[in-house]
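The values are calculated or read from the model by the stated rules, or taken from the named source; none is laboratory data. No experiment lies behind these values; they were computed from the predicted model shown. Please note: Cβ atoms are built from the backbone with ideal geometry, for glycine as well, and neighbour counts cover all protein chains shown. Heads up: the accessible areas ignore ligands, DNA and RNA and are worked out on the full protein's heavy atoms, side chains in. Shrake-Rupley method; radii C 1.70, N 1.55, O 1.52, S 1.80 Å.
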Amino acid sequence: QVQLVESGGGLVQPGGSLRLSCAASGFAFSIYAMSWYRQAPGKERELVAGITSGGGRASYADSVKGRVTISRDNAKNTVYLQMNSLKPEDTAVYYCNAKRTPGWGVEYDYWGQGTQVTVSS
């Protein structure tokens with residue numbers, strides 16, 4: 001079965017750092033683009049960062065640019081989100097996503113269960 005399992009969330013003080021991990025199994029991880037989304041209380045889910053299947057390109061939301069780095073290790077079937085200089089507004093449930101569109105009208109889209117990140121003093 002396809003599984004995406006996030007870990008690394010928790011409580012951190014403003015200005016602190018956290019590294020989220022997403023362990024994937026049950027599918028061809030190395031040919032999927034990976035991304036991190038987050039959803040804060042009362043807000044819609046937003047894309048935080050994305051990375052191509054080979055890890056050659058990454059993109060970030062303006063709200064986290066400069067503070068966040070997405071990376072992947074295809075040998076370990078794992079994608080990471082390194083977050084630095086955390087702010088209270090980063091508080092959210094963070095979700096791992098895997099996506100592949102091999103052809104027209106065909107799409108594979110998988111989600112993890114989410115991990116809570118709370119930034120508070």
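What about SER17, is it touching a Gly at 6+ places or on another chain (Cβ under 7 Å) and either in contact (Cβ under 8 Å) with a residue 60 or more places away in the chain or open to solvent by less than 20 Å² (accessible area, probe 1.4 Å) (or both)? So that I can check it myself, show each step before the final result.
Working: touching a Gly at 6+ places or on another chain (Cβ under 7 Å): no; either in contact (Cβ under 8 Å) with a residue 60 or more places away in the chain or open to solvent by less than 20 Å² (accessible area, probe 1.4 Å) (or both): yes.
Against the criterion (touching a Gly at 6+ places or on another chain (Cβ under 7 Å) and either in contact (Cβ under 8 Å) with a residue 60 or more places away in the chain or open to solvent by less than 20 Å² (accessible area, probe 1.4 Å) (or both)), SER17 does not qualify.
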**Prompt:** Considering SER59, SER71, SER30, SER35, which residue is within 19 Å of THR101 (Cβ to Cβ), free of Cβ contacts under 8 Å to residues at least 24 places away in the same chain and of a type outside the set (Phe, Trp, Tyr)?
**Reply:** SER59
**Prompt:** Before we move on, is VAL48 of a type in the set (Val, Ile, Thr) and in contact with a Cys (Cβ under 8 Å, 6 or more places away or on another chain)?
**Reply:** no
**Asked** Does TYR95 meet the test of being over 14 Å from the mean Cα position of the chain (by Cα) and under 21 Å from GLY26 (Cβ atoms)?
**Response** no
**Item:** Qualifying positions in region 36-83 - of a type in the set (Ser, Thr, Tyr) and closer than 18 Å to GLY15 by Cα
**Value:** SER63, THR69
**Request:** May I ask you to list the residues in region 54-96 that are among the polar types (S, T, N, Q) and either closer than 16 Å to SER21 by Cα or exposed (fewer than 13 other Cβ atoms within 10 Å of the Cβ) (or both)?
**Result:** THR69, SER71, ASN74, ASN77, THR78, GLN82, ASN84
**GLU6 vs. criteria acidic (Asp, Glu), in contact with a strand residue (DSSP E or B) (Cβ under 8 Å, 6 or more places away or on another chain) and open to solvent by 50 Å² or more (accessible area, probe 1.4 Å)** = no
**Request:** Could you list all residues from region 79-105 that are without any contact (Cβ under 8 Å) to a residue 12 or more places away in the chain and either touching a strand residue (DSSP E or B) at 6+ places or on another chain (Cβ under 9 Å) or of a type in the set (D, E, K, R) (or both)?
**Result:** THR101, PRO102
